[in-house]
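Structure record follows, encoded as structure tokens.
All of the numbers you see were taken from the coordinates with simple rules; none came from a lab. These numbers were taken from a predicted model, which means no experiment stands behind them. Cβ placement follows ideal geometry from the backbone for every residue including glycine, while neighbour counts extend to all protein chains displayed.
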Amino acid sequence: MAIMTEAPAERVAELNSAMQSSTATRTCCPFCGVGCGVIAIPAGKAEISISGDPAHPANYGQLCRKGLALGDTLGLSARLLHPMRRAEDGQFARVSWDSALDDVVNGFASIIDRHGPDAVAFYLSGQLLTEDYYVANKLMKGFIGSANVDTNSRLCMASAVAGHKRAFGADTVPGCYEDFDLAELVVLVGSNAAWCHPVLYQRIRARKSTNAKLVIVDPRRTATADGADLFLPIAPGTDQALFSGLLVHLALHDVLDTDYIARHTTGFDAVLADAKKSVPTIEATAQATGLARRDVAAFFALFAATPRVVTAFSQGVNQSGQGTDKVNAILNCHLATGRIGKPGAAPFSLTGQTNAMGGREVGGLANMLAAHMGFESENIERVQRFWRAPRMAVREGLKAVQMLQAVASGQIKALWIAGSNPAASLPEADRIREALRKLELLVISDNNQSTDTITSGAHILLPALAWGEKSGSVTNSERVISRQRAFLKAPGETRPDWGIFAEFGRRMGFDGFDYASAAEVFREHAHLSCFENNGKRDFDIGALADLSDAGYDTLAPTQWPARADETSGSRRFFAQGGFFTPDRKARFILPAPALGLCVSEAFPLRLNTGRSRDQWHTMTRTGLSARLARDVAEPVMDVCPEDGVDAGLVDGGFARVTTACGSCILRVRMTDRQTRGHLFVPIHWTDETASDARVGALVATWLDPVSGQPDLKTTPAKIKPVTFALQGLLLARAARYYVSRSLVDACGGRARGRLSSRGGRGFDCLA
Ligand code: SF4
């Protein structure tokens, strides 16, 4: 796939013409943080033609397989179309919106009366639109009076946020995608971008074809590593040692930008002194990271010699018990060389979800207040005045895992989950299910009739609009705000998430929730971003604060900052300092030494979780596409041949993977992409799509102490073979993908376990 640095003029003209003359709609892909522009055109027979938007700056017309398959995911067979209430027999029955919302309002009000505002919580999603996030955040932090609103984005980029805030004083991504086009060296750390950010990866490949160098730092030899000039198979959890060693090397070889350090930063000497003690040489760095000396030397020499360098990092850095320190070790190297905010030079956080950034902008994280403001007293007072809020939260709320721990302990008694599936995706997912069942009130607004979370004791289900039906905005990894637009009618009784939260607010008796449209919510959000800002805060979209409804409808992709008083601002931050700390200087941060969950005789391997190329999260959407199931059709585990043979496994057979938290059965893939001692398991399968394959149940709880982000990469584990006498494959036309591996009585051949009751696409019948 070739990446265009600019869209071919004839293609733009052709599609612009289609946009004007037909019902074609410009929108944005709902999956990853690249944020590709999409054009959707009705193609007859209830089909939608999907193509990349050649005018969108994130993708210039390109789409990856997931984006191209979006048309497959629009069916209604698995959709939640009406409000539902769970009856005493455990079955859900349809109720009216009035009745469902009465239950939600009465339940929340009663619990707040009896136990206070911290007894309730919202758990949101990076799949929500910015407008959805904004209304939910305002409700909880300004009117209910608690900051217990967090999001599944906590699982993907909270450590990047925390690292940015520690170093820059704000959660600012300094660079933009154009930097990948201009860099002479791209370093990808803990990022399988070829699969997880495919269109941006192709842009990197295009740059590499012009002689730029690509270095991959990853414990796993991923598809991304295949295209690298240098692959560093680093020991898990030791990234901070690599970048501290790099800092020492840069100092020894006079590559530092001493003027930048002196004028725009503080804390450099102490951080360098500490790095010199822990990783003083290339040899020491190699020893600390498990890398070959020659590879470390080659990387250090390349980085030192290349001013135009982008270091991009993703889940392999963030999903770590020390993710924030890893982020800061990377930022330290860019600050020390002044390689920040300049064309082709920046540290770059690749966000996982389409609107992880938008959620951060409104304050969708429990430790952020709103519009990139934290819980400092002046910010609390400012936001309270802006919202005319009667009951402001005055301290940070509970972060995702802590929130569910508070549910388990009984501290939180009512939880509203919007567009997320924490019973499958949080660590110790079986314990999460148990915790959810204890709630007095579990409200779920979602697109789906059934998820692992819904079947964990939900009381009320509220049907929300899905992609293609909803309208609002999202922000991608390079701070570009794009419109997601509706091109389908709202099915059944579905409503926009922002509208559901606003109606809840009105019924709770709160003023300030009379929004008539997503545009009105967006304008308020934009006004807050510039309210008493005056350049003190990075997030400012004041130029969009007075958009008309028509202007909102036609809003082209817009990068922030978009200040009202600037006609053309810089696309980048910090080339000339101007950080958002009190003294406007960046902070060098001392990373702690690498730790790690210990393997043992009982659990001698390390379990790493991640994504498959063609699936997204818990497959609630991509599971509807048959073509996306072709790559990996069932739950699998990757293991190196030596470990596999030692454990008695056979390639293509089955293994039971067990940790201290749970176990499941997975198909074995022996591959030399895995290093000895490490397993890799894709995260996607749940009880809704497979039997006995809940990977979240395997993952131990180890939280980064700064960001609260869980480590999803290093759980101690063991494997053993599972041998079956019989396997079968059933192919059927069905609404939903399902893999069942049920035990069958070897003598009589009768099924003892459950085969698919969901009309599965295929199953293995095991005896
Ligand atoms: S790269 Fe990401 S945003 Fe672009 S089409 Fe693929 S999944 Fe969608």
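Things worth noting here:
- Panel note: the C-alpha atoms of the range 534-582, placed on their principal axes, show extents of 38, 18, 15 Å (largest first).
- Each 10 Å bin from zero holds the following percent of Cα-Cα pairs in the range 132-185: 19, 30, 36, 10, 5, 0.
- Partner aspartates and glutamates for K277 [C-alpha distance under 13 Å; skip if fewer than 8 residues away on the same chain]: D269
- Net lengthening on full extension, A602/D430 (0.36 nm per residue, minus Cα-Cα): 59.8 nm
- Order of K213, K326 - criterion: other Cβ atoms within 10 Å of each residue's Cβ, fewest first: K213, K326
- Positive minus negative residues near A356 (Lys, Arg vs Asp, Glu; Cβ under 13 Å): -1
- FRET E, pair A251, L230, Förster distance 22 Å, beta-carbon r, rounded to 0.05: 0.50
- The simple Förster model, with R0 at 25 Å and r as the Cβ-Cβ distance, assigns A516 and D102 a FRET efficiency of 0.60.
- Selection from A389, A697, G344 lying farthest towards where the dipole of the chain points positive, charges on Cβ: A697
- Shape category assigned to the range 492-601 from the gyration tensor of Cα positions, a/c cut at 1.5: oblate
- Note on R506 and A490: their simple-model spin labels are 1.1 nm apart, each label 7 Å out from Cα toward Cβ.
- Between the range 48-65 and the range 469-504, the alpha-carbon center distance in angstrom: 19 Å
- Inter-label distance, nm, simple model (7 Å from Cα along the C-beta direction), K536/D651: 6.3 nm
- Only one residue of V310, L590, G71 has its Cα farthest out toward the positive end of the dipole of the chain, where Lys and Arg carry +1 and Asp and Glu -1 on Cβ, and that residue is G71.
- Calculated FRET efficiency for the pair A298/D269, C-beta based, R₀ 45 Å, to 0.05: 0.95
- Considering only the Cα atoms of the range 325-450, their convex hull presents on average a projected area of 11.3 nm².
- Magnitude of the charge dipole for the range 157-349, about its Cα centre and with charges confined to Cβ atoms of Lys, Arg (+1) and Asp, Glu (-1), is about 220 debye.
- Net dipole in debye of the chain [+1 Lys, Arg Cβ; -1 Asp, Glu Cβ; about Cα centre; nearest 20]: 1020 debye
- Whether the range 157-349 is rounded, prolate or oblate, judged on the alpha carbon gyration tensor where a/c under 1.5 counts as rounded: rounded
- In this simple spin-label approximation, V394 and D565 carry label points 7 Å from Cα along the Cα→Cβ vector, and these lie 3.3 nm apart.
- This ranking places W195, W416 by how few other beta-carbon atoms lie within 10 Å of each, fewest first, which gives W195, W416.
- Pairs from the table (K138/K165; K213/K718; K342/K470; K399/K713; K413/K489; K141/K342) lying more than 28 angstrom apart at Cα are K213/K718; K342/K470; K413/K489; K141/K342.
- The Cα-based radius of gyration and maximum Cα-Cα distance (Dmax) for the range 501-542 are 12.8, 37 Å.
- Comparing the chain with the 2.2 N^0.38 Å rule of thumb, its C-alpha radius of gyration ratio is 0.91 (two decimals).
- The distance separating the Cα centre of the range 507-530 from that of the range 415-437 comes to 29 Å.
- Cα centroid separation, the range 604-627 to the range 268-312 (Å): 33 Å
- Here is how the number arises for the chain: DSSP H runs of 4 or more residues each give -39500 (n - 2.57), the sum is divided by the residue count, and the result at 222 nm is -8500 deg cm²/dmol.
- Count Lys and Arg as plus one, Asp and Glu as minus one, and take only other residues whose Cβ is under 12 Å from that of V317; the net charge is then -3.
- Sequence of K470, K489 once ranked by neighbouring C-beta atoms within 10 Å, starting from the fewest: K489, K470
- The range 595-686: C-alpha gyration tensor shape, a/c 1.5 cut-off, then a/b vs b/c: prolate
- Distance-filtered residues of the range 437-453 - backbone nitrogen under 15 Å, label point 7 angstrom along S110 Cα→Cβ: 439-443
- Dipole magnitude of the range 398-459, debye to nearest 20 (Cβ charges: Lys/Arg +1, Asp/Glu -1, about Cα centre): 160 debye
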